[in-house]
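Have a look at the structure below, then the notes.
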Amino acid sequence: MTGDLFAGLPRGPSVETITEGALLLRAFVDEEEAAALMAAIDKVLAASPLRHMQTPGGFRMSVAMSNCGQFGWVTDRRGYRYQSLDPLAERDWPAMPEAFAALAARASAAAGFAGFDPDACLINRYEPGARMSLHQDKNELDMDQPIVSVSLGLPATFLFGGMARTDKPQRMRLESGDVVVWGGPARLAFHGVDPLRDGEHPLTGRCRYNLTFRRAR
Ligand code: SIN
Ligand code: FE2
């Protein structure tokens, strides 16, 4: 009921601790900044389009992906890795937009991880039904660098577990403008996203975007 009463009202920023080393910065991105990020996403995607990558096991990922920055995360039959070449566009990934770098720096500092300088940004697009199963982000070289994860558009249920796949994850609803930052003792926590529920969002239409900033090398 309260969800309906407050739907559409701007939410004030607040900070929630998920676990030691992991924070949820609610409403960290306001609507004006979100619109600027969305415009920058569109530019990146015009150069390096979204695509459904294959897992090493041969499954097509339900989330469509692209990247910007010096390195992009890719998966295919040869495995998970970072590379500077976009295998679809057959050229380097687009540069990290200024608005992306500024947000990543602000969010990581707000979460207590000063000096984070991401060289990779994965762009995930979830359409209704798309999901991300529990996984660890572990293709990066320096595990002292945090992860900054930004939600735009339709809400999603985010799962944040422990260091073992079998640890029961906490579930939290992420809305447009929410940012999750994890590092330190939580850097290798398992996390994932439940199948996206259908809906319509003024910023993105029938989908959710997620930006994941990382230091790859
Ligand atoms: C990811 O772990 O790559 C995506 C997380 C999210 O979509 O919130
Ligand atoms: Fe991840």
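Each reported figure results from applying straightforward, stated rules to the coordinates on display, with no laboratory input. This one's a predicted model, so the numbers in the text were calculated from it and none came from an experiment. Here the Cβ positions follow ideal geometry from the backbone for every residue, glycine too, while neighbour counts run over all protein chains shown.
With semi-axes defined as the square roots of five times the eigenvalues of the C-alpha gyration tensor, the equivalent ellipsoid of segment 162-217 measures 25, 16, 9 Å, largest first. Here the chain is described by how far its Cα atoms reach on the three principal axes: 48, 36, 33 Å, from widest to narrowest. Distance distribution note for segment 46-164: the fraction of Cα pairs above 25 angstrom is 25%.
Convex hull volume per residue, computed on the Cα atoms of segment 117-196, equals 95 Å³.
The HN-Hα couplings worked out from phi for segment 90-96 by the Karplus form 6.51 cos²θ - 1.76 cosθ + 1.60 (θ = phi - 60°) are 6, 7, 4, 4, x, 5, 5 Hz, whole numbers, x standing for Gly and Pro. For segment 76-134, the spherically averaged projection of the C-alpha convex hull amounts to 6.3 nm². Please identify which residues in segment 178-217 have an amide N closer than 16 Å to a label point set 7 Å out from the Cα of Glu127, following the Cα→Cβ vector. Hits in segment 178-217 for Glu127 at 16 Å: 195-201, 204-210.
Distance between the modelled labels on Asp194 and Arg51, one decimal in nanometres: 3.3 nm (7 Å Cα→Cβ projection).
Semi-axes of the equivalent ellipsoid for segment 48-115, please: Cα gyration tensor eigenvalues, times 5, square-rooted, ordered largest first, whole Å.
On the way: eigenvalues 137, 43, 22 Å².
Output for segment 48-115: semi-axes of 26, 15, 11 Å.
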